[in-house]
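Data first, discussion second: the structure below is written as structure tokens.
Bear in mind these aren't lab numbers, they're just calculated from the coordinates by the rules spelled out. Note that the structure is a prediction, hence the values are computed from the model and not measured. Counting neighbours? That spans all protein chains shown, and the Cβs are built from the backbone with ideal geometry, glycine included.
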């Protein structure tokens, strides 16, 4: 049985590592620590030049919830165009109303823009914050999305196994359910066997020390609790282990 292994990354070094590990698709983001935000145009274009596998860009203009105002939506539409111009294969998106339903007016506008440029669509984990996942699933199908990325409404895929199984059953081949959040080589076999998902999503997070020779102990670029001289990168071996577990 063939599986898709999607790896989410937020730097070009991780792109190389993900491909080396055997990823079959990339979710391109900035700021993975915030759940993934829209990558820059330069990042998208360079990723398209490097990658030998499909790359989907996250379209999420800010951290926080999935309730967006007019300016946010306009930016998202422009970012979809940028993804197409950069040469990517698809986009990852999701929008909700204040009541937790899929905002179909906005979602349809975003989906139409993606389709205009021949981009594939992943509906992301906004479904995990929806008030009615069954309806959200039907909405994602009506938008023409290829897949839904979800943890099964839980903090991680292990806790969401039962809902993931229900999602796969309800989808009935009309849309792919992709399991993500806390997925590793240690649990991936159990997840796919228990739920029936054929696509999985992970970051394969690791870190490496900075190659800087001059290490500043005082100046901080952001959160004072984050070490600027530790670089987050995808571990190719972590991806390889997932690929091996599914082979």
Note down the nm distance, to one decimal, between modelled labels 7 Å out along Cα→Cβ at residue 34 and at residue 220. 1.7 nm
Cα centroid of segment 116-165 to Cα centroid of segment 90-110, whole Å: 11 Å
Which percentage, to the nearest 5, of the DSSP beta bridges contained in segment 123-247 is antiparallel? 40 percent
Express in whole angstrom the spacing between the alpha-carbon centres of segment 179-209 and segment 1-28. 12 Å
GNM on the chain, Cα springs under 10 Å; top mean-square fluctuation among 69, 186, 218 goes to 218
Could you work out the relative contact order of segment 4-246, using alpha carbon pairs under 8 angstrom and six or more residues apart, expressed as a whole percent? 19 percent
CD proxy at 222 nm, helix term only [per DSSP H run n ≥ 4: -39500 (n - 2.57); per residue of the chain; nearest 500]: -11500 deg cm²/dmol
Which order do 143, 15, 116 fall in if you start with the one that has the fewest other Cβ atoms within 10 Å? 116, 143, 15
